[in-house]
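J.: The structure follows.
The values are calculated or read from the model by the stated rules, or taken from the named source; none is laboratory data. Computed from a predicted structure; not experimentally measured. With ideal geometry, Cβ positions are generated from the backbone for all residues, glycine too; neighbour counts draw on all protein chains shown.
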Amino acid sequence: MGLHSLNLSQIPFYILIAGAAAIGFSILKVAQVLQGMENPLIEHEECFARENGCQEPLHNVSHGLFGIGMVRAMLAAGREKRFLELICTWHRDYGTTFRATMAGRKVVFTVEPKNVQTILALKFKDFELGTIRSDSMRPLLGNGIFCSDGVQWEHSRALLRPNFARNQITDIEIYETHVAKLIQHIPGDGSTVDLQDLFFRMTLDSATEFLFGESVHSLNDVTSPAASAFAKDFAISQEGLAIRGRMGSLMMFYRNKEFSKAVVDARSYVDRFVEKAISHRVALDSGQDVSEEASKLTEQQYVFLYELSKRTLDKTELTDQLLNILLAGRDTTASLLSITFFILARRPDIWTKLRKEVLELDGRKPTYEDLKSMAYLGWVLNESLRTYPIVPFNVRMANKDTYLPTGGGPDGTAPVSIPKGQEVMYSVYVMQRHQKFFGPDADEYRPERWENLRPGWAYVPFNGGPRICIGQQFALTEAGYTAVRLLQHFEAIESRDSKPFEEALTLTLSSANGTKVAMTPAKST
């Protein structure tokens with residue numbers, strides 16, 4: 001079915017309910033107008049727009065009855081693994097900025113760097129995550145840093161930021177243990193392996209060691225069934241959260257027993273580590289004997305959870321924050337590595353050039369300073385994040401009457417009014433592939449473009465402004481270290497998957513078909 005047609009018999013019941021509500025609301029509005037009743041809210045919004053020189057975008061889109069078709073199209077595209085292409089199509093059809101109605105919900109879509117900069121930085125206090133974003137994620141992530149606004153967000157940021165100090169990031173020994181185990185799981189006989197599965201296991205292991213103080217060792221399937229179950233619960237939970245977000249105000253009608261159980265089990269798994277840390281902190285503060293295991297652990301290494309427990313002993317808050325950081329720390333690195341090696345297996349020219357740079361280390365393990373000095377490695381990671389950003393789509397809601405600097409009027413250069421309560425959806429995926437900002441070869445994977453490229457706000461894979469990802473350097477360091485160690489141990493890589501990249505999009509982006517390759521060990525290893 002095309003986007004501009006609508007078959008009512010195929011619309012889920014909850015969308016029909018929303019449509020009926022929207023119709024009733026509209027009939028009421030019409031009745032008010034016919035009775036001569038004024039709407040002071042609309043008058044205020046129009047006055048605000050005039051005072052600030054705002055004009056409407058060229059396109060105001062509404063697919064089907066009250067925009068129900070847009071919600072339906074997004075849900076279908078998500079199921080069919082073409083959500084990002086759908087958003088690309090809308091922007092090709094309606095421009096870099098357009099207004100839309102989605103089941104009665106007014107939204108502005110934009111991929112203009114100036115608008116993204118305004119939302120994330122220049123007018124940061126005019127926007128917030130909004131109730132839909134926060135409510136959609138709350139079952140798993142609670143009131144953690146990715147679900148909170150205002151004072152609560154500031155508290156979370158202040159609580160977490162010290163744990164990403166430079167000395168924690170530069171201690172790369174934590175990576176080596178898990179990368180070495182990863183390499184052991186890669187066949188040396190030319191048989192096929194799914195690197196994506198291994199990357200997600202490895203980053204779960206390294207992230208839990210950093211966060212909890214003890215790795216869940218998910219790379220050891222036989223000895224860690226609980227960790228494997230947690231990884232599965234975590235993935236199911238994220239998929240459910242993504243669906244709730246796309247449903248918007250209709251998320252209350254989302255019912256899925258598997259999702260509900262996965263959320264409960266995932267949080268219970270993390271709770272066990274939190275309870276252990278709280279017990280240790282209470283005993284330590286009261287002068288009681290502490291467990292030998294916990295004392296030895298905190299003496300030997302930096303542990304995120306045990307440091308966090310110095311600032312709060314609230315079990316729910318600790319669990320919320322751990323799950324938020326685990327999502328960022330595990331998924332960002334694993335997805336970046338999976339996509340990068342998916343591409344390297346298809347681009348021997350890039351593999352050869354990158355390995356030449358890696359071999360300049362003469363086989364020694366890279367230091368943090370080595371990683372920072374490897375220009376081509378940086379270009380490769382940047383290009384992966386540009387073409388396949390890990391969080392490719394995001395939303396903000398205006399908490400006051402405000403406006404974006406561009407996108408309105410016939411030529412798209414006038415400001416666009418954003419009344420209080422309205423949302424702005426911006427696609428990093430579309431923006432970072434736009435020819436206007438990255439040239440006619442914007443869809444091509446070409447690391448060399450980064451030699452002279454300075455994209456500014458057209459490139460924000462880790463967000464920007466006050467909410468820029470606090471774990472950015474942690475993720476880039478782990479991804480870079482892992483890539484270098486793999487290129488030291490293997491001299492060649494071959495794709496074992498003829499399919500093009502297909503999105504697996506929950507809260508983050510990965511490959512729906514994994515990263516199926518064969519790798520040839522280097523003769524010196």
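J.: Being acidic (D, E), in a helix (DSSP H, G or I), out of contact with any Lys or Arg (no Cβ under 7 Å at 6 or more places or on another chain) and closer than 26 Å to E317 by Cβ is the requirement here; does D197 meet it? Before the answer, list the steps.
T.: Working: acidic (D, E): yes; in a helix (DSSP H, G or I): yes; out of contact with any Lys or Arg (no Cβ under 7 Å at 6 or more places or on another chain): yes; closer than 26 Å to E317 by Cβ: no.
Criteria not met by D197.
J.: Could you go through segment 406-421 and let me know if any residue there is hydroxyl-bearing (S, T, Y), in contact with a Leu (Cβ under 9 Å, 6 or more places away or on another chain), in a loop (DSSP other than H, G, I, E, B) and touching a residue at least 40 places away in the same chain (Cβ under 8 Å). Please lay out each step first, then the result.
T.: Going residue by residue through segment 406-421, those that are hydroxyl-bearing (S, T, Y) are 406, 413, 417.
So of that shortlist, the ones also in contact with a Leu (Cβ under 9 Å, 6 or more places away or on another chain) come out as 417.
Now drop any that are not in a loop (DSSP other than H, G, I, E, B), which leaves none.
Checking segment 406-421: not a single residue is hydroxyl-bearing (S, T, Y), in contact with a Leu (Cβ under 9 Å, 6 or more places away or on another chain), in a loop (DSSP other than H, G, I, E, B) and touching a residue at least 40 places away in the same chain (Cβ under 8 Å).
J.: Let me ask you something else. Residues of segment 428-442 being in contact (Cβ under 8 Å) with a residue 24 or more places away in the chain and surrounded by fewer than 17 Cβ atoms within 10 Å (Cβ to Cβ), which ones? Quick ask: steps written out before the conclusion?
T.: Filtering segment 428-442 for residues in contact (Cβ under 8 Å) with a residue 24 or more places away in the chain gives 428-434, 436-438.
Scanning segment 428-442 gives a single hit, K436.
J.: For the structure I just gave you, tell me whether T203 is touching a Lys or Arg at 6+ places or on another chain (Cβ under 8 Å), closer than 28 Å to K372 by Cβ and of a type outside the set (A, V, I, L, M).
T.: Values: touching a Lys or Arg at 6+ places or on another chain (Cβ under 8 Å): yes; closer than 28 Å to K372 by Cβ: yes; of a type outside the set (A, V, I, L, M): yes.
So T203 passes the test.
Yes/no per residue for (1) within 26 Å of N220 (Cα to Cα); (2) buried (at least 19 other Cβ atoms within 10 Å of the Cβ); (3) out of contact with any helix residue (DSSP H, G or I) (no Cβ under 7 Å at 6 or more places or on another chain); (4) touching a residue at least 40 places away in the same chain (Cβ under 8 Å):
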site	(1), (2), (3), (4)
I119	no, yes, yes, yes
F127	no, yes, no, yes
R138	no, no, yes, no
V151	no, no, yes, no
H178	yes, yes, no, yes
D194	yes, no, yes, yes
D197	yes, no, yes, yes
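J.: Kindly check whether there is at least one residue in segment 246-263 that is of a type in the set (S, T, Y), out of contact with any Leu (no Cβ under 9 Å at 6 or more places or on another chain) and closer than 26 Å to L336 by Cβ.
T.: To start, the set of residues in segment 246-263 that are of a type in the set (S, T, Y) comprises 249, 254, 260.
Filter once more, keeping what is out of contact with any Leu (no Cβ under 9 Å at 6 or more places or on another chain): 249, 254, 260.
Filter once more, keeping what is closer than 26 Å to L336 by Cβ: none.
No; the residues of segment 246-263 include none that is of a type in the set (S, T, Y), out of contact with any Leu (no Cβ under 9 Å at 6 or more places or on another chain) and closer than 26 Å to L336 by Cβ.
J.: I would also like to ask the following. With T340, T319, T333 as the choices, which residue is modelled with pLDDT of 90 or more, farther than 30 Å from E448 by Cβ, surrounded by 18 or more Cβ atoms within 10 Å (Cβ to Cβ) and polar (S, T, N, Q)? So that I can check it myself, show each step before the final result.
T.: Working: T340 fails: farther than 30 Å from E448 by Cβ; T333 fails: farther than 30 Å from E448 by Cβ.
It is T319.
J.: Take segment 126-152 and flag every residue that is out of contact with any Leu (no Cβ under 7 Å at 6 or more places or on another chain) and among the β-branched types (V, I, T).
T.: Correct list: T131, I132, V151.
J.: Taking segment 328-369 on its own, how many of its residues are in a helix (DSSP H, G or I) and among the charged types (D, E, K, R)? Lay out the reasoning, then the answer.
T.: The initial filter retains those residues of segment 328-369 that are in a helix (DSSP H, G or I), namely 328-344, 348-361, 368-369.
Cutting the leftovers down to among the charged types (D, E, K, R) gives us 330-331, 349, 353, 355-357, 360, 369.
Of the residues in that region, 9 qualify.
J.: What's the number of the condition T482 fails, among (1) surrounded by fewer than 22 Cβ atoms within 10 Å (Cβ to Cβ); (2) closer than 30 Å to H178 by Cβ?
T.: (1)
One line per residue, one yes/no per condition, for (1) closer than 30 Å to F48 by Cβ; (2) among the β-branched types (V, I, T):
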| position | (1), (2) |
| --- | --- |
| F341 | no, no |
| L344 | no, no |
| D349 | no, no |
| L361 | no, no |
| Y368 | no, no |
| G378 | no, no |
| R386 | no, no |
| V391 | no, yes |
| V395 | yes, yes |
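J.: Restricting attention to helices (runs of 4 or more DSSP H) lying wholly within segment 1-100, give those where 3 or more residues are at pLDDT below 50 and farther than 24 Å from V416 by Cα. Outline the logic, then answer.
T.: Working: elements: 13-34, 40-51, 68-79, 83-94.
Helices (runs of 4 or more DSSP H) meeting the threshold: 13-34.
J.: Quick one: how many residues across segment 238-253 are surrounded by 16 or more Cβ atoms within 10 Å (Cβ to Cβ), of a type outside the set (A, V, I, L, M) and either outside any helix (DSSP H, G or I) or more than 14 Å from the chain's Cα centre (by Cα) (or both)? Step through it out loud before you land on a result.
T.: At the first step, the residues of segment 238-253 found to be surrounded by 16 or more Cβ atoms within 10 Å (Cβ to Cβ) are 238-251.
Subset that is of a type outside the set (A, V, I, L, M): 238-240, 244-246, 248-249.
Right, trim to either outside any helix (DSSP H, G or I) or more than 14 Å from the chain's Cα centre (by Cα) (or both) and you get 240, 244, 246, 248-249.
So the answer is 5.
J.: Please determine whether any residue of segment 374-389 is polar (S, T, N, Q), within 26 Å of R433 (Cα to Cα) and out of contact with any helix residue (DSSP H, G or I) (no Cβ under 7 Å at 6 or more places or on another chain). I'd like the intermediate steps shown before the answer.
T.: First, pick out the residues of segment 374-389 that are polar (S, T, N, Q): 382, 384, 387.
With the extra rule that they be within 26 Å of R433 (Cα to Cα), the set shrinks to 382, 384, 387.
With the extra rule that they be out of contact with any helix residue (DSSP H, G or I) (no Cβ under 7 Å at 6 or more places or on another chain), the set shrinks to 387.
Scanning segment 374-389, I find at least one residue that is polar (S, T, N, Q), within 26 Å of R433 (Cα to Cα) and out of contact with any helix residue (DSSP H, G or I) (no Cβ under 7 Å at 6 or more places or on another chain), so the answer is yes.
J.: Consider T477 carefully, then state whether it is modelled with pLDDT under 95, crowded, with 17+ Cβ neighbours inside 10 Å and closer than 28 Å to A242 by Cα.
T.: Values: modelled with pLDDT under 95: yes; crowded, with 17+ Cβ neighbours inside 10 Å: yes; closer than 28 Å to A242 by Cα: yes.
Yes: the conditions hold for T477.
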